[in-house]
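To keep things clear, I will list the structure first and then write my remarks on it.
The values are calculated or read from the model by the stated rules, or taken from the named source; none is laboratory data. Predicted model, so just to flag it, every value in this text is computed and none were measured. With ideal geometry, Cβ positions are generated from the backbone for all residues, glycine too; neighbour counts draw on all protein chains shown. Areas reflect the complete protein model, heavy atoms only, side chains present, ligands, DNA and RNA absent. Shrake-Rupley method; radii C 1.70, N 1.55, O 1.52, S 1.80 Å.
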Amino acid sequence: MLTLSLSDFTLEHFMQHYWQQKPVVIRQGFQQFKDLISPEELAGLACESDIESRLVYKKRGKWQAESGPFESYDHLGKTGWSLIVQAVNHWSPEVAELVKPFDFLPKWRLDDVMISYSTPKGGVGPHIDLYDVFICQGSGRRQWRVGDKGNHRQFAAHAALLHVDPFEAMIDVELLPGDILYIPPGFPHDGVSLETSMSFSVGFRAKSACDMLSGLADYVIDKELGSNLLSDPGRPIHKNQGQINASDFALIKAHLRSILDDDTLLADFAGSFLSRTKCQLDLQALDEPLDAVELIDTLQQQPLARTGGLRCFYLDETLSKGVCYIDGERHAFGAKAKAAVKALCDRDRVTHTQLLGGLKIPEFVAALTQWVNAGYWYFEN
Ligand code: SIN
Ligand code: CO
């Protein structure tokens, strides 16, 4: 079990003074940290078409980026390149363990664990990210420079590489195995490998209002909601034909706001939207599907583990009705399933005892059986 150790401050101090505010180096955040995957295994994952990966290097001084899947790495020399693989926590239970030390943040904020293997002088170049990231240094050393937030010009160093102009460093450090660099969104940074190295980046996403509104629009269209027309009975005589006057503007705003003020609609949207995965899951459907009785029997012997990266949430607003959102879908099992739904969403492993209330409800058992057969949850033995 990986434990995060903060020697210079407490977690409360980190959340109050650094999270979303400023970058910080956490020396030996993971003591005796060992790579959670080998470079060979990582290179193997990048050969799979279901897995998102990139190679970044320079050719005759010009930045290059190639997207996977890759068939070979023979065209790359011994230095100056990086292989980056996205959402490795979906594919490797060992890498998924790296998410646990960050459980002081809710899962809906988590994005994924991205791993980069870099040869000496390798890196992706100076850039700005739109997410919070804890870059955990694995084997090898890497030099990191981080600049202050500001008006940095961004440009495409390559069609697939958004870079930022040179910046003054507020942090300029050599990360050693076990060190962690936390960077909030908007701070320019650049990591150059000093030797062959591995970095494990635990990323936290935040949706822009634009993302959320576009998701909400898709949701109301899909569910055929929000089709009631703007209405204005008792309207006074209008004077200026070209004018959308203040009271009309207020009417339009109120009409739109009625969607946002509908807590049930918005909770269902938020749960469904945020539980959707960005990258594919490693769903291993059972060759011999279980029936409900077999499922409960096996659950009495061993816990169910959730597949890496599966997103399952509940909201305080809807939990009392036994509602949860799993991989983009809403499920309602009724009030008696409340504790089971909570356990399923809060825990990476659930036992028969924790699910007991739900196991008395046929709909819950049917859904759980289906999820296990499809590979969303699995028995480790
Ligand atoms: C990398 O690990 O190579 C890039 C990580 C980052 O800067 O976001
Ligand atoms: Co970055």
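A few notes on this one:
- Test for Ser116: is it of a type outside the set (Val, Ile, Thr), within 12 Å of ligand 1 (Cβ to nearest atom), assigned by TED's automatic domain parsing to the domain that holds Pro184 and touching a residue at least 60 places away in the same chain (Cβ under 8 Å): yes
- Hits in region 183-202 (condition: among the aromatic types (Phe, Trp, Tyr) and either at pLDDT below 95 or touching a Pro at 6+ places or on another chain (Cβ under 6 Å) (or both)): Phe187
- Any chance Pro177 is under 26 Å from Leu105 (Cβ atoms) and either within 13 Å of ligand 2 (Cβ to nearest atom) or open to solvent by 40 Å² or more (accessible area, probe 1.4 Å) (or both): yes
Quick grid of which residues meet (1) modelled with pLDDT of 95 or more; (2) assigned by TED's automatic domain parsing to the domain that holds Leu216; (3) surrounded by fewer than 17 Cβ atoms within 10 Å (Cβ to Cβ):
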position	(1), (2), (3)
Arg276	yes, no, yes
Asp282	yes, no, no
Ala285	yes, no, yes
Leu304	yes, no, no
Cys312	yes, no, no
Glu317	no, no, yes
Gly322	yes, no, no
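- Here Arg205 clears all of (1) at pLDDT 95 or above; (2) within 16 Å of ligand 1 (Cβ to nearest atom) except the condition numbered (1).
- Selected residue (criterion: most open to solvent (accessible area, probe 1.4 Å)) from residues of region 287-302 that are in a helix (DSSP H, G or I) and in contact (Cβ under 8 Å) with a residue 24 or more places away in the chain: Gln300
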